[in-house]
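The values are calculated or read from the model by the stated rules, or taken from the named source; none is laboratory data. Bear in mind the structure is a predicted one, so any value in this text is a computation, not a measurement. FYI the Cβ positions are ideal-geometry reconstructions off the backbone, even for glycines, and counts take in every protein chain you see. For the accessible areas, the whole protein counts, side chains as well, though only heavy atoms, and no ligand, DNA or RNA atoms are used. Shrake-Rupley method; radii C 1.70, N 1.55, O 1.52, S 1.80 Å.
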Amino acid sequence: MPVNEPLRTMDQQELRALEQQCIQECAPPCMAACPIHVDVRAVLREFGQGEDDAALQALRRTLPFPGIISRICEQPCRPVCKRSEAGDPIAIAALERACVDYAVVKAEKASRIPRRSQRVGVIGGGLSGMTAAHDLARKGYTVTLYEALQPVGGRLWNVPEERLPRPVIMDDLRVVASLGVDIRLNAPVCGNPDAGNLNLDPDGARPALDMLRDEHDAVYIAVGQVEAGTFGLATDQGGRVAVDPVTYATDRDGVFAGGSMLRAPEDYAAIRSISDGRRAAISIDRYLQQVSMTASRDGEGSVTSCLYTRTDDVEPQAIVEAAGADGGYSRSEAQREAQRCLQCECMECVKVCEYLDHYGRYPRKAVREIYNNLSIVKGSRYANQMINACSLCGLCAEVCPTDLDMGAVIRQSRETMVAQDRMPASAHDFALRDMAFSQSDHFALARNAPGSDASDVLFFPGCQLSAESPEQVERVYAYLAEVLPPGTRVGIMLGCCGSPADWAGRRDLFEANRTSLRETIASLGDPTVILPCSSCHQAFRTNLPDVRVESLWEFMAARGLPSDGAAGNGRVVSIHDACATRHESSLQESVRTLLGRLGYEVAELPRSRNLTTCCGYGGIQWLANPEVTSKVVAKRVAEGTSDFVAYCAMCRDFLARGGKPTVHLLDLIFGADFDREATRPATGWSQRHENRARLKRHLLESIWGERMAGQEPHEMISLVLDDQVRARMEARLILVEDVQRVIAHAERSGRRMVLDNGHFLASFRPTAVTYWVEYSVDGDSFAVHNAYSHRMEIVVDGTDQGPPS
């Protein structure tokens, strides 16, 4: 999001909309297509793992009569099975039957339910009526079921016994009676006394339906193919009972109808009859509780799944054929068939993002947690680290079927936390102080070419290339002056594009930096700005759209390389594309063009160009959670067997820290030895500051003949640091200047403790972090023995040890 847009804090409605954009929690196709939404995925997962009882429990959560349905189900789930895109669809019904056959616990346990005062009458003992009676009894209603024949089961008894054994019918349907349903057999009910059916009025003066309605608070009719007029209800054009398609309510208050009486015989489906009974039971329950019968019912019945599951990399597998004579699976056969299930899920972003994987979050869960974190007024905000550990690289949006960009969500949530004063000041302190150094007189510089009052072209190397390879900055500046037409005025500007402030949610700092950049560039004559840094390129393109910019790599590809480039002689390398160039295809292509001209052959990484991965620097991820960054780098390093070429200074350093031989493109362009540069250690944090200051000092002296102003008092402190202490400071993100400030403050104020070993221990809090240093005097220098930091404020005599005013 461009930083010059007005600040928008995240509210509940916006977060809820983002939450819905993630489809990971959508039902898989098989579950969505099932009219009662059996969780086939869970059933097959448990059964495939040998958990027979757990599989049957998962089946029973939505299916009241699993023994029956597993033998006669029409399987609307099977045609949409994703496994069919890589082999045969799963034999779902056969596996459900195997769950019933091999589970130890067969029957559903009747639970004690608080009884309700209302009574419900159910007419018809087929699958629809039995399901409605089952569900309503489980909700505590007193249910009486009227069946014209004996026993219950309706058209189930017409199914051949070899397909549906009679004991299976009886075993499954017995659960309804166990729930306390009063089943009355040989009790035909109709609304017309002349029809010869049961008339509940002994005087024959009133239709039976009227009598049932008087005795029950609601009635459900599911008696198969009968004329609606028999019950005195409104009919549709086909002469069947007219019902509301959502609620199954008839034109008569408190009377509902469903099952086979709504459809022609050829449209009968056992699983749909169960769905009718269930949906009617939901309506009756809501009717009796006097709440909306239509609210939140879009997902009932068969629906189309919104879940995306990629199958192009799935190995095709054929169905496991059953060897038994009755067509049923043996337990081992069933387990192997269940294991073919793809366990459909999206998780495309989690598959490519070590950050989401580390925190065990997919976007819907993450957004939910972010909202909860932002809603906390008092108490701990446990999601702070998660919010700060995203690299904001945008890869998730590239692979997401709905284009959900968690990076944009995270960026805005950080800004919201800062705006609400809920972002810990220390969270991004190190990165922001590094940015402040680059904006200070130690590094910041903006000059036209000597003797010029304006610039046609302005070289802006950024802070990180200047910190890692200051010599390359000088070489590029000289190259620009050489390759551009005579008379072209080439200026240089040192500083930071402000990305750390943007990543930290500090809109105030970024906006101030953006304004300063724009004013400085204007003062230099509004030149075209040449940018080697990917983050700078993205920041300028997004937030300074009126400034003309050109990538250094596109510039070089168009105007030619320096004459001292290193010959690749066909060496194979892999390019690590910076994530900030994800949508800059021309820039990416120019890098490949340059390497080709240098004689290198490029082996593309699995994740490159628009699908490239972050090195861990972006979004200040490395500062918020170094463990995640280590995983990010390790995964990236494992992708390619060839040595890497990076065209971002921080990418080069982070990959090198991860043990991958990586060279910066400029090193090759200016003739450096590949193997030496590829194995060069990453530049330390203190050295990066020193390199920037040295670059400015050298440019001023060598080009403009000027000298920098004197050092600050703390910079006069001379330190003695052994390798162990340096490594410890590097790991703890403690700079040499931090140690100098602590000692200078201690020596000036006298606030220091004397330890048993004779060393001094002092602290100082320059910003949001307190630094401690153990040191001793070594002649005119100070020997540092240890250094560490924390977020606490140290108060002495009621005064905190923050920065002096």
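Note on residue 408 and residue 519: the extension gain reaches 37.2 nm, defined as 0.36 nm multiplied by sequence separation minus the Cα-Cα distance. With the alpha-carbon atoms of segment 309-439 aligned to their principal axes, the span from lowest to highest coordinate is 79, 34, 23 Å, starting with the largest. The residues neighbouring residue 716, those whose beta-carbon lies less than 14 Å from its own, together hold a net charge of -3 under the Lys/Arg +1, Asp/Glu -1 convention. Please compute the Cα-Cα pair-distance distribution of segment 631-769 with 5 Å bins starting at 0, giving whole percents from short to long. Calculated P(r), rounded to whole percents: 2, 8, 12, 15, 15, 13, 12, 10, 7, 4, 1, 0. Based on the Kirkwood approach, the hydrodynamic radius assigned to the chain is 32.2 Å, with every pair of different Cα atoms included. The share of accessible area on the chain that comes from carbon and sulfur is 48 percent, using a 1.4 angstrom probe. Pairs of Cα atoms nearer than 8 Å and 6+ residues apart set the relative contact order; for segment 119-289 it is 25 percent. Each 10 Å bin from zero holds the following percent of Cα-Cα pairs in segment 273-377: 10, 19, 23, 29, 16, 2, 0. In units of the rule-of-thumb radius 2.2 N^0.38 Å, segment 526-624 shows an alpha carbon radius of gyration of 1.17. Taking all protein chains together and rolling a 1.4 Å probe, residue 585 ends up with roughly 80 Å² accessible. Here each label is just a point 7 Å from Cα along the line to Cβ, and for residue 709 and residue 512 those points are 1.7 nm apart. Compute the helix-to-body angle for 12-21: its Cα long axis versus the longest principal axis of the chain, expressed 0 to 90° and rounded to tens. Roughly 80 degrees, rounded to the nearest 10.
Between the Cα long axis of helix 363-375 and the first principal axis of the chain there is an angle of about 70°, rounded to the nearest 10. With both residues required to sit in the chain, DSSP beta bridges show an antiparallel share near 40%. Here the ratio of the Cα radius of gyration of segment 537-585 to 2.2 N^0.38 Å is 1.48.
Charges were assigned to the Cβ only: +1 to each Lys and Arg, -1 to each Asp and Glu. The resulting dipole of the chain about its Cα centre is roughly 920 debye. Which value in Å does the Kirkwood hydrodynamic radius of segment 411-531 take, with 1/r averaged over all unlike C-alpha pairs and then inverted? The Cα-based Kirkwood calculation yields 15.6 Å.
The equivalent ellipsoid that matches the C-alpha gyration tensor of segment 702-747 spans semi-axes of 26, 16, 9 angstrom, in descending order.
Any idea what log10 I(q)/I(0) is at q = 0.12, 0.14, 0.19, 0.26 Å⁻¹ for segment 463-544, Debye with uniform C-alpha scatterers and no solvent? Result of the Debye calculation: -0.39, -0.53, -0.93, -1.38. State the number of lysine pairs found in the chain whose Cα atoms come within less than 14 Å, restricting to pairs 8 or more positions apart or on distinct chains. Taking the Cα cut-off of 14 Å, the pair count is 4. Probing with 1.4 Å while keeping every protein chain in the model, the per residue accessible area of the chain equals 43 Å². Summarised as an ellipsoid, segment 572-682 has semi-axes of 21, 16, 12 Å, derived from the eigenvalues of the Cα gyration tensor scaled by 5 and square-rooted, with the largest first. Taking the inverse of the mean 1/r over every pair of distinct Cα atoms in segment 713-800 gives a Kirkwood hydrodynamic radius of 13.1 Å. One quarter of the surface of the convex hull around the alpha-carbon atoms of segment 29-107 equals 4.7 nm², the direction-averaged projected area.
Note on segment 498-583: the alpha carbon radius of gyration divided by the globular reference 2.2 N^0.38 Å gives 1.35. As a length-normalised measure over Cα pairs under 8 Å and 6 or more apart, the relative contact order of the chain settles at 10 percent. Averaging Cα coordinates gives a centre for segment 152-185 and one for segment 345-360; these two points are 47 Å apart.
What the Cα convex hull of segment 119-289 gives, in volume per residue, is 108 Å³.
Computed on segment 429-556, with alpha-carbon pairs under 8 angstrom and 6+ residues apart, the relative contact order is 31 percent.
Remark: the residue 753-residue 252 segment gains 171.5 nm on full extension, using 0.36 nm per residue and subtracting the alpha carbon distance.
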